[in-house]
Structure formats: C-alpha cells, structure tokens
1. Is it the case, given these coordinates, that D148 is out of contact with any strand residue (DSSP E or B) (no Cβ under 7 Å at 6 or more places or on another chain), away from the ligand (no atom under 15 Å from the Cβ) and outside any helix (DSSP H, G or I)?
2. Scan the stretch 50-67 and give yes if some residue there is open to solvent by less than 60 Å² (accessible area, probe 1.4 Å) and part of a loop (DSSP other than H, G, I, E, B), otherwise no.
3. Across the stretch 96-144, what is the number of residues that are buried (at least 17 other Cβ atoms within 10 Å of the Cβ), away from the ligand (no atom under 16 Å from the Cβ) and of a type in the set (A, V, I, L, M)?
4. Enumerate the pairs (first residue in the stretch 121-143 and within 24 Å of K62 (Cβ to Cβ); second residue anywhere and open to solvent by 40 Å² or more (accessible area, probe 1.4 Å) and more than 10 Å from the ligand (Cβ to nearest atom)) with beta-carbon separation below 6 Å, excluding pairs fewer than 6 apart on the same chain, so at least 6 apart or on different chains.
5. Return yes when A165 is in contact (Cβ under 8 Å) with a residue 40 or more places away in the chain, under 26 Å from the mean Cα position of the chain (by Cα) and either within 16 Å of V64 (Cα to Cα) or more than 16 Å from the ligand (Cβ to nearest atom) (or both) and no when it is not.
6. With A221, A159, A208 as the choices, which residue is assigned to a helix (DSSP H, G or I), modelled with pLDDT of 95 or more and in contact with a Pro (Cβ under 6 Å, 6 or more places away or on another chain)?
7. If D38 satisfies every condition in (1) among the charged types (D, E, K, R); (2) away from the ligand (no atom under 16 Å from the Cβ); (3) surrounded by fewer than 20 Cβ atoms within 10 Å (Cβ to Cβ); (4) not in a loop (DSSP other than H, G, I, E, B) but one, which is the exception?
8. So the check is Cβ under 9 Å with 6+ separation or different chains; which pairs have a first residue in the stretch 191-207 that's near the ligand (Cβ under 8 Å from one of its atoms) and a second one that's in a loop (DSSP other than H, G, I, E, B) and basic (K, R)?
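The values are calculated or read from the model by the stated rules, or taken from the named source; none is laboratory data. The shown structure was predicted, so the numbers you read here are calculated from the model rather than taken from an experiment. Heads up, the Cβs are rebuilt from the backbone with ideal geometry, glycines too, and the neighbour counts pull from every protein chain shown. SASA here: full protein model, heavy atoms, side chains in, ligands and nucleic acids out. Shrake-Rupley method; radii C 1.70, N 1.55, O 1.52, S 1.80 Å.
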Amino acid sequence: MIKVDVSNVISEQEIAKYQDRVTKINKMINDKSGAGNDFLGWVDWPENYDKEELERLLKDAKYVRDNFEVLVVAGIGGSYLGAKCAIDALKGVKSPDKPEIIFMGQTFSPNYTAQVLNYLKDKKFAINVISKSGTTTETSIAFRLLKDLLERKVGKEEARKSIFAVTDKARGALKTLCNQEGYSTYVLPGDIGGRYSVLTPVGLFPLAAAGVDVKAMLLGAQEARKEFDNDNLKENKCYRYAVSRDYMLNHKRPVEMYVTYEPQMSQISEWLKQLFGESEGKEKKGLLPTSATFSTDLHSLGQFIQDGSPLLFETILNVLEPQEDVSIPSDKDDLDGLNYLAGKKLSYVNQMAFQGTLKAHQEDGGVPCNVIYIDKLDPKTLGYLFYFFMRACAMSAYLLEINPFNQPGVEIYKKNMFHLLGKKGY
Ligand code: PA5
C-alpha cells in the first residue's frame with residue numbers, strides 16, 4: 001500500500017546503529033511496559049475493537065445519512081482532527097455528498113460560531129458531540145449552543161433522537177448529561193488518548209455518517225498492526241521512518257515539514273502536527289512539526305525551503321493515483337503556449353512538479369527529504385497510514401525518552417484562561 005524511502009535522510013549504516021534501542025522499545029510497546037503504558041490501548045485496537053458497538057454505530061450513522069441534511073461534529077484536538085482529515089482526504093474538499101459534515105467546537109471564534117449557527121437555522125441537522133474528558137470548554141460551549149438551537153427547532157424529544165455522543169465510559173460532565181438525556185452514546189476507551197483515537201468511535205461515527213467504509217479502514221489498520229509489530233529495522237518501514245526523524249533531530253534539523261501535493265490532504269498534515277507535536281514536544285525536546293501543500297506553497301514558502309536557514313527536513317506524502325483526474329485540452333491558437341501539455345493529465349503535471357521539486361530541494365537546497373509513496377488514498381490505505389504514524393510516533397517519542405501519551409503543557413493556558421474567566425477554583 002505504501003513505500004517509504006528514507007534513503008535521502010539516513011544511511012543504512014546509521015539506521016543499523018538504532019537496532020538495539022528499537023528492539024528494546026518495540027518490546028516495551030508490545031508488552032505495554034513503557035512510560036504512559038496505560039494509554040497503549042490503540043496498539044491492539046484494530047483487532048480488539050468492540051464489534052457489537054461498531055454495528056450499533058453503523059446503524060445510527062445510517063440513520064443520520066438517511067434523515068439529515070447536515071451532521072455537525074463538535075470536538076477539538078484529537079476529538080476532531082482525525083475525522084476532519086479523513087473526510088477531506090477521502091471525499092474531497094468540495095464534496096456534494098449528503099449529509100454535509102460541519103465541524104464546530106474547535107474554536108472560540110465568535111464569527112465562525114455565529115456563521116455555523118446561522119447556516120444551520122434552515123437545515124435539518126444532527127449533532128455528534130465528541131469529548132473524552134467531557135469538560136473541554138470549546139466543545140462544551142459549542143454543544144450547549146447546538147443543543148439549544150436544535151431543541152428550539154424540533155423540540156426536546158426529537159432533538160434527543162438527533163444527538164450522538166462519544167465520550168468516556170463513566171467519567172465527565174458529558175457522560176452525566178448523556179445518561180440524563182438518554183442520548184445514543186459511544187465509548188472512547190480509557191486507555192486511548194485523543195490523538196490516538198481516530199480508529200475508535202471518535203473518528204468512526206462521523207466517518208460512517210459521511211459514507212466512508214470504516215470497516216475497510218479498520219482492516220487497513222489491522223494489516224499495519226501485523227506488519228509493524230516487529231523490531232527488524234531492515235524491513236519495518238514504520239520504525240525506519242521513526243529513526244530517520246530522531247537522526248534529523250540529532251543532526252541540527254529540528255523541524256519536520258509534512259508535504260502533500262493535494263489540498264484535500266492538508267488536514268492530514270494537521271492531524272500529524274497534533275500527533276507528533278503533542279506527543280513529543282516535552283522536556284525541551286522534540287521536532288517541530290510543520291506543513292506545506294505543494295505546489296501552492298512553493299509560491300510562498302518555496303524560497304525559504306530552497307535557500308533559507310537550514311532548519312528543516314521534509315516528509316512528503318505522495319499519492320500516485322488520484323481519485324479523480326483532469327485532462328488539459330488543446331487550443332488551436334495556443335496563445336498561452338500550453339499545447340505541449342495538451343492531452344496530458346493534471347496528475348502527470350503534479351508528479352512532474354513533485355519530481356522537479358524533490359531534486360531541487362535535495363540536490364540544490366541540501367534539504368533532506370523522506371518520501372512516503374501511497375498507491376492511492378482509499379479507506380483501507382488511510383487506516384493503514386493512521387496506524388503507521390501512531391506507531392512511528394510512539395517509537396520516536398520513546399527514542400527521546402519521553403512519555404508519548406500525556407500533554408502536561410496544554411493545561412497551563414487553560415488554568416490562566418479559567419482564572420481570567422472567573423471559573424470557580426481558578
Ligand atoms: O490528544 C489529546 O488528548 C487532546 O488533543 C484532546 O483530544 C483534546 O484536548 C480534546 O479533549 P477531549 O476529547 O477531552 O475534549
């Protein structure tokens with residue numbers, strides 16, 4: 001499904017030097033014995049997921065597909081980015097499919113929130129509220145507003161049948177609310193953190209409602225699970241990628257730029273930025289994950305990447321077969337001089353842009369580049385990729401000797417904000 005080329009970033013000799021550490025860490029991941037080991041539920045999830053719950057989820061998702069114009073998903077961080085990036089990547093950014101999936105609760109923006117609420121006034125909509133803690137302020141405010149609008153539109157009883165929640169099994173204000181109101185609720189298991197939750201109901205409910213084959217996605221993750229649980233650095237492309245990242249950090253390239261050539265994949269980069277940034281950015285360690293979409297950003301950031309401070313390396317996600325394609329027409333006058341491309345597909349032009357840019361950045365700019373070649377983006381491949389990156393992230397973070405599964409730094413801004421807002425106890 002994918003080919004991972006790290007040869008421009010790290011040599012086979014250097015990869016081999018990591019073998020002992022990788023063997024130890026891989027055992028730690030499989031045995032669930034490392035730091036944060038109570039958050040390793042995602043490792044076996046592609047096989048161990050709750051099959052009965054998935055069937056109930058698929059039934060509810062079908063009900064949403066059959067009965068609503070819009071599904072509003074309220075969530076933030078790991079309770080938002082996985083579904084958002086998968087829907088964009090698989091459906092495209094201008095999908096005419098119904099129901100339309102809209103995200104809210106990922107911002108305090110009064111403008112965005114007002115615009116979404118206004119848009120929903122005349123729409124038949126359902127709500128999918130997602131929060132593991134059940135207390136995240138952005139999500140809670142959004143849900144309060146959405147629930148209020150829906151209840152005023154259709155009444156409390158009908159609203160109850162149009163609200164679907166994903167939260168912890170037992171804890172949190174959202175769970176209490178769900179119990180009290182009788183909403184259809186799915187569990188985000190206690191041993192899976194937000195940014196590792198895309199293959200749980202957190203990602204699967206909105207994806208199934210969007211018409212994505214989530215069983216295929218889980219199958220892809222299962223394949224990755226089997227393929228990447230061994231420590232063989234000659235073969236395990238997931239760990240080869242992980243050590244290439246560590247090598248870059250140790251060789252004065254502290255910034256990893258995720259590059260795609262498809263605007264509909266730019267949200268995958270956002271998911272990757274959260275996964276790696278929140279997992280590794282601790283104790284003054286970690287690579288800074290950043291992203292660009294080419295060729296668009298070659299016309300803005302391209303100059304810096306080529307010639308600027310030598311801080312970064314690239315990890316390029318190159319999809320070989322697009323879901324759709326466009327041919328360039330011939331023109332009898334050829335005033336724009338484009339007839340040399342007449343009959344050629346845009347996918348061909350995009351691939352030539354990839355090859356030309358790779359050569360320019362690697363050879364002339366001296367920018368190390370990893371390339372992940374993806375045959376095509378379908379649900380199975382995406383499930384496989386999600387697992388690939390989560391496992392690579394755990395390995396990378398353990399190579400830095402940090403806990404990949406907590407995020408203590410995120411709490412500090414919240415405390416300050418709550419104090420300023422006058423929340424009790426702050
Ligand atoms: O990865 C994480 O744990 C975080 O990004 C959370 O997903 C995010 O903060 C949202 O939390 P919750 O699902 O509790 O609302």
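1. Answer is no for this residue.
2. The answer is no, given that none of the residues of the stretch 50-67 is open to solvent by less than 60 Å² (accessible area, probe 1.4 Å) and part of a loop (DSSP other than H, G, I, E, B).
3. 4
4. Every condition considered, the pairs that remain are K123/E69; K124/E69.
5. Spelling it out, it is not the case that A165 is in contact (Cβ under 8 Å) with a residue 40 or more places away in the chain, under 26 Å from the mean Cα position of the chain (by Cα) and either within 16 Å of V64 (Cα to Cα) or more than 16 Å from the ligand (Cβ to nearest atom) (or both).
6. Going through A221, A159, A208 in turn, the sole match is A221.
7. (2)
8. Correct list of pairs: G193/K132; G194/K132; S197/K132; V202/K132.
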